[in-house]
Each structure stands twice: as C-alpha cells, then as structure tokens.
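Single-structure report; data block below.
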Amino acid sequence: MKIRNILLSLIALWLSVPVFVLAQKPQVEEITVVGNFNPSVGDANKITRNPVLDDTTISMPPLQYSIISRPLFIQFPVYTIDPQKVKPEPDPAYQRNYLRAGFGSLMSPYAEFFAAKPNSKRTAFGVHFRHFSTLSDIKDYSKSTTSENQLSIFGKHTGEVLAWNADAAFRRNMLHYYGFQPGLLADSLIPPTDSTRQVYTQFKFQAGLRNASGNRSDVNYGANFRGGWYGNRFHSHELNAGFDAWINYQTDALSTRKNDHLGLNLALDYWDNSFKNLPSGSAALFSLKPYFHTEIEEYEILLGLNTSIAYDSTGTRVYLFPDIKGGLTIIKEILKLYAGIRGEVNRNGLEAITSVNPFTAPEFLTNFRKNSFEFYGGINTSLGRHLGFNASMSYSSFKNQAFFINDTLSYPLYNRFAVLYDSGTVLKARGEISYHRRESIHLTLGAEFTSYNLENEIKPWHTPELTAFATARIVALDKIILKGSFEFRGARYARIFEKRPDGSWYEPEPVRLKPFADLSLGLEYRINRNFSAFADFNNLTGGKYQYWHRFPVYGFNFLGGITYSF
C-alpha cells in the first residue's frame, strides 16, 4: 500500500513540470558588440596518466652483463643428388667433300672439287681442284678458246707451343692472242693458230711456323718460306724464292691492356729471269721494318721505318720510307678517322705483269716499282648493326709504273701488248658501303676515282678514271641463293702506232675505249642437304666491250650445273 502511494506521488510530480515551464514568460535580450571579434578555442592541456619523476638525485647504475660461452654443434646431413640425364647430341656432321660441275653456252665445261680432313681442333688438311674452259670463238676474230686448271693442297697443325702451315699449288692457263680479224687480212698474213697460243704454267709452295696463340705469351714470332717457278710456252721463265720473319712484344707501358706492340718485320726475295731473246738476269729485294704500335683509349699510333735494299742488273739502291699512321675513334665501334704516310718497293716481274694483262708479249723488261711517298687518310664507320661505310683518299708519287700499249712487233696483227714504264703522281679516292645480316644478306657497293699525272705519257693507257662495282648474295628460305655482280669502267685510252706505205711509223690520236657496264646474276637452289642446282648468267647487258684494245669479250652467256656434298 505504501509502495502504491509512492508511485502515484512520482507520477503527479512528473506531470506538473511542463505546466510550470509553459507558465513562464519568455525573456528577450539583445547584446551589441563594438570592436573586432576573433573567435578562438583555448588549448586543452591533457593531464598525462603516467607520473614523471623530476628527482635528479637518483642515478642509474651502469649495466653489466656476461656471456656464457657454450659450443653449439649443428649437423647438416649430406644427401647424394642424382645427375640429370641429358640426351647426348652428336657432333654436327660436316661434309668432307664438295663437287661442283656444269656446262655453259660457250661450250664451257666446268668442274671444281674440294676435299678436307674431318673436323679437328688442331689439324686441318685439304685439296682443291678446278677446271674451266671455253671451246667457242668470238665472232669475226681469231681463235679465242681458253682453259684454266688449278690444283692445290694445304695443311696446318697447332701444337702446344708451335703452329705450322704449308701449301703447294700448280696452275696451268691457256689462251690465244686473238686480237685481230682474219677476214680483214690477206691469207699470207694470217699466222698459224698454234703461234697465237699462249700457256702460263706455275708451281709454288710455302711453309710457315709461328708460336701457338694459346700459350698466352707476350712475345709472338714466326717465319715463312716460299718459292716457285713461273713460265710461258715461249721460253720465258721466272724463279722466285723468299723468306719472311717477324717478332713482336706486347706490353702495357702506355696502354692499360697490353695494346702496345714493339716489333720487327723482315723480308727477303730473290728472282731469276730467263728469256729467249732478251738478256737474262737476277734481282733481289731486302726489307727491314721496325715499328711501334699502340692504342691508348680512343687514339691509335703507328711509328715505323721501312728500309729496302733493291738489287738488279742496274745496281744496288737503298730506300728509306716512313711508315706512320694515326687514328682517332670519335664514337667507339661506330666512327674512326685515320691518316698516315708510307712507301714501298715492289717487283715488276713476269708473274706480276702477266697477272694484270695475260695478253702481254712473251718477253719484256723487268724492274722495280717504287712508291716513294703515299699520303693517305680515311674514315671507317658503322651505321648501325648491319650497315658499314668506308672512305679513303691517297696521293702518292711513283716510279716505273707499268702501262700497256699494242706492240708494233706483232704488226700487222697488233695482238700483243708491250710494257711501257713511266713515273709521276696519282690521286685516288675510294668509297664503299656494305650491308650484312648474318648469313642471309651480303651487299656491297663501291666506287673509285683515279687521276694520274705522268712525266712522259699523255694518258695512263688502258686505265680508267672512274670504276664502280657491286656484289650481292641473298639466301631466301634456306633453299634459294641469289648472287649478283656489277662492274662499271669509265672511258680508257689506247696508244697506237700505224705504218705508212714507205715503211715508216707514225702515231695517230689515241683510241678511246668506250665505258662499259657488266651485270651478272646467279641462282642456286638447294634440293636437299647434299644436292643443289645452279645457273649463272654472265654479261646480261650483252655488250662485247673491249677490256683491252682489239680484244672484245664474250657477249651474254650462261653456265648451269649441280653441286654435291658428301
């Protein structure tokens, strides 16, 4: 009962409160503030819960501790791991023999054979044979068949200390002095066919010895012996024997990676010439060349002195030639400039002259050619990974440069060339650009300009001012090989002599030989790993131009055949 009364009293009190509030009168108050008012909230300082002791009289004792040393032995069990089984791969099977044979439109049989010892890291041996001949004649001209035969063997062996190499070769080439037209001559003036036939025979060998490159020695040395016999069917012979030796020492006196080379080159050659009508004689040439070569950062320096002693029937002469070269790499492996000066002496011998012009008369005077001073310079650059460009220029003075004129001794045929020597200066400029992409693409394009200033002759006979060339080799789909070559030779001039009815000689204006362009293409298809077929198309322009005065070349011709590797 008492609890009930208490509850009723509380309810009555709660209900009376709002009535009291509503009964009050509202109060309105206005406050005017004069002046600046910047509302702000004061900083609240929080009282930390952790007490701070500010008693400075208490000091902390130093901390002392000790380590109880106890050895810990840990054992690592070793488990045997089985080696991975790799399937053995056989060594690549290189073909030891290569045969190439075909037949051409000029009744031209062709055969070439290579044989080599199986792959070896230390020893190599091989044999090479080649035959090519043409049985057709050039229209309106004398008999012009040719034959080329070559047989060579070579070998080399690399030991722990020394390495040696040797090779020997036999060559026999036949041609005819066909530079006349029988239809324009009386029958009594036409010579027998055998009298216009020329055969060059050569046998040569060489053997060399050097220190093996794998012994990592700072001293490199070697020597080379060579010899040979060269002659024609008109009893002109040349015997040659020679010796070369060299030694160089590598050091890092100036450079950092042993790029300094201090060396000495020595060469000795002997010739013995025999002619049927001209005086026979012997000659010798000795050369000694000390040098120093170094590469320091982007700089290259070569300092050398070439001392040459020449001996022949005219006497003994001593020549001193500088051999100096400087190079500067502008951009590493991309752009390099170089310049230098040099000189040398060479032999105008039977082999050297007839290798340039095989239609030379069987007998002629031999001598030494001296290149007194040659100033040269150039640029080597790589225009990317696959493109390269080289350009060079030189200016030199020379003595006894060989030129060729139609021989008056072969009148009225004029089908042989006499050798004429002259001295003077020559300016040469050459440029070449190449593109190589692995083994699939090889392209080369170049040109050369030559300007002679001679002491006696008015023209450098049979020598063009401008020549250009291009070569290409493209492998497509690993089956097809495309080859091409292009040659351009500018105008040349030939010096001629004519005979008057009274028997006297006179010299008319030189004959201008027209410029020519020769384009040849080749195609080879690989049937399989061993067999392939090829076809070569020569002189596609079809022009019967004259490389030498009165000697036109064959026009368009082709050669086809097969190759076999085994």
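Could you tell me whether any residue of region 507-519 is closer than 30 Å to His386 by Cβ and loosely packed, with under 15 Cβ neighbours inside 10 Å? Let's see the steps before the verdict.
Of all residues in region 507-519, those closer than 30 Å to His386 by Cβ come to 517-519.
With the extra rule that they be loosely packed, with under 15 Cβ neighbours inside 10 Å, the set shrinks to 517.
Scanning region 507-519 turns up at least one residue that is closer than 30 Å to His386 by Cβ and loosely packed, with under 15 Cβ neighbours inside 10 Å.
Within region 384-436, how many residues turn out to be over 25 Å from Lys499 (Cα atoms) and of a type in the set (D, E, K, R)?
Matching residues across region 384-436 total 5.
In region 474-488, which residue that is in a strand (DSSP E or B) and of a type in the set (D, E, K, R) is farthest from Leu427 (Cα to Cα)?
Lys483
Can you name the residue in region 337-369 that is among the charged types (D, E, K, R) and in contact (Cβ under 8 Å) with a residue 60 or more places away in the chain and, of all such residues, is nearest to Tyr311 (Cα to Cα)?
Arg347
Going through region 183-215 one residue at a time, which ones are modelled with pLDDT of 95 or more, more than 30 Å from Arg122 (Cα to Cα) and either of a type in the set (D, E, K, R) or in contact with an Asp or Glu (Cβ under 9 Å, 6 or more places away or on another chain) (or both)?
Answer for region 183-215, where residues must be modelled with pLDDT of 95 or more, more than 30 Å from Arg122 (Cα to Cα) and either of a type in the set (D, E, K, R) or in contact with an Asp or Glu (Cβ under 9 Å, 6 or more places away or on another chain) (or both): Arg197, Tyr200, Gln202.
Scanning for something among the β-branched types (Val, Ile, Thr) and within 26 Å of Ile353 (Cβ to Cβ), does region 177-196 turn up at least one residue?
Checked region 177-196: at least one residue is among the β-branched types (Val, Ile, Thr) and within 26 Å of Ile353 (Cβ to Cβ).
Just for region 287-301: of the residues that are at pLDDT 95 or above and surrounded by 18 or more Cβ atoms within 10 Å (Cβ to Cβ), which one is farthest from Gly343 (Cα to Cα)?
Filtering region 287-301 for residues that are at pLDDT 95 or above and surrounded by 18 or more Cβ atoms within 10 Å (Cβ to Cβ), the one farthest from Gly343 (Cα to Cα) comes out as Tyr291.
Taking region 532-549, which residues are modelled with pLDDT under 95 and aromatic (Phe, Trp, Tyr)?
Tyr545, Tyr547
Within region 403-447, can you find the residues that are among the polar types (S, T, N, Q) and farther than 25 Å from Phe368 by Cα?
Selection gives Ser410, Asn415, Ser434, Ser440, Thr444.
Quick one: Trp164 ticks every box in (1) among the aromatic types (Phe, Trp, Tyr); (2) modelled with pLDDT of 95 or more; (3) surrounded by fewer than 17 Cβ atoms within 10 Å (Cβ to Cβ) bar one, so which box is it?
It is condition (2) that Trp164 fails.
Could you list, in sequence order, the residues of region 315-348 that are in contact with a Ser or Thr (Cβ under 9 Å, 6 or more places away or on another chain), of a type in the set (Lys, Arg) and loosely packed, with under 14 Cβ neighbours inside 10 Å?
Arg317
Quick one: would you say Pro464 is over 27 Å from the mean Cα position of the chain (by Cα) and either hydroxyl-bearing (Ser, Thr, Tyr) or at negative phi (or both)?
No: the conditions fail for Pro464.
Within region 101-135, work out how many residues are more than 20 Å from Thr563 (Cβ to Cβ), surrounded by 15 or more Cβ atoms within 10 Å (Cβ to Cβ) and either modelled with pLDDT of 95 or more or over 26 Å from the mean Cα position of the chain (by Cα) (or both).
2
I'm trying to understand the selection: among the residues of region 458-467, which are crowded, with 17+ Cβ neighbours inside 10 Å and not hydroxyl-bearing (Ser, Thr, Tyr)?
Pro460, Trp461, His462, Pro464
So, of the residues in region 206-220 that are of a type outside the set (A, V, I, L, M), touching a residue at least 12 places away in the same chain (Cβ under 8 Å) and surrounded by fewer than 16 Cβ atoms within 10 Å (Cβ to Cβ), which turns out to be nearest to Pro182 (Cα to Cα)?
So the residue we want is Ser213.
Name the one entry in Thr541, Thr471 that is under 30 Å from Gly431 (Cβ atoms), hydroxyl-bearing (Ser, Thr, Tyr), touching a Gly at 6+ places or on another chain (Cβ under 8 Å) and in contact (Cβ under 8 Å) with a residue 24 or more places away in the chain. Before you say what the answer is, go through the steps one by one.
Values: Thr541 fails: touching a Gly at 6+ places or on another chain (Cβ under 8 Å).
Result of the check over Thr541, Thr471: Thr471.
Looking at region 169-194 only, could you name the residues that are buried (at least 16 other Cβ atoms within 10 Å of the Cβ) and either of a type in the set (D, E, K, R) or more than 16 Å from Ser410 (Cα to Cα) (or both)?
Ala169, Arg171, Asn173, Met174, Leu175
Within region 492-529, take every residue that is closer than 30 Å to Ile480 by Cα and basic (Lys, Arg) and give me the one that is farthest from the chain's Cα centre (by Cα).
Checked region 492-529; the qualifying residue farthest from the chain's Cα centre (by Cα) is Arg529.
Which condition breaks for Arg492 when tested against (1) in contact with a His (Cβ under 6 Å, 6 or more places away or on another chain); (2) loosely packed, with under 14 Cβ neighbours inside 10 Å; (3) under 30 Å from Gly179 (Cβ atoms)?
(2)
Could we say that Asn557 is without any contact (Cβ under 8 Å) to a residue 40 or more places away in the chain, surrounded by 16 or more Cβ atoms within 10 Å (Cβ to Cβ) and within 14 Å of Leu106 (Cα to Cα) here?
no
Matching residues to (1) under 26 Å from Leu519 (Cα atoms); (2) touching a Phe, Trp or Tyr at 6+ places or on another chain (Cβ under 8 Å); (3) loosely packed, with under 15 Cβ neighbours inside 10 Å:
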residue	(1), (2), (3)
Ser397	no, yes, no
Asn406	no, yes, no
Asp422	no, yes, no
Leu427	no, yes, yes
Glu432	yes, yes, no
Ala476	yes, no, yes
Phe488	yes, yes, no
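Would you please name the residue that is nearest to Asn346 (Cα to Cα), looking only at residues in region 245-303 that are touching a Phe, Trp or Tyr at 6+ places or on another chain (Cβ under 9 Å) and β-branched (Val, Ile, Thr)?
Ile247
The values are calculated or read from the model by the stated rules, or taken from the named source; none is laboratory data. Here the structure is a predicted model, which is why all the values come from computation and not from measurement. Cβ atoms come from the backbone with ideal geometry, glycine included; neighbour counts cover every protein chain shown.
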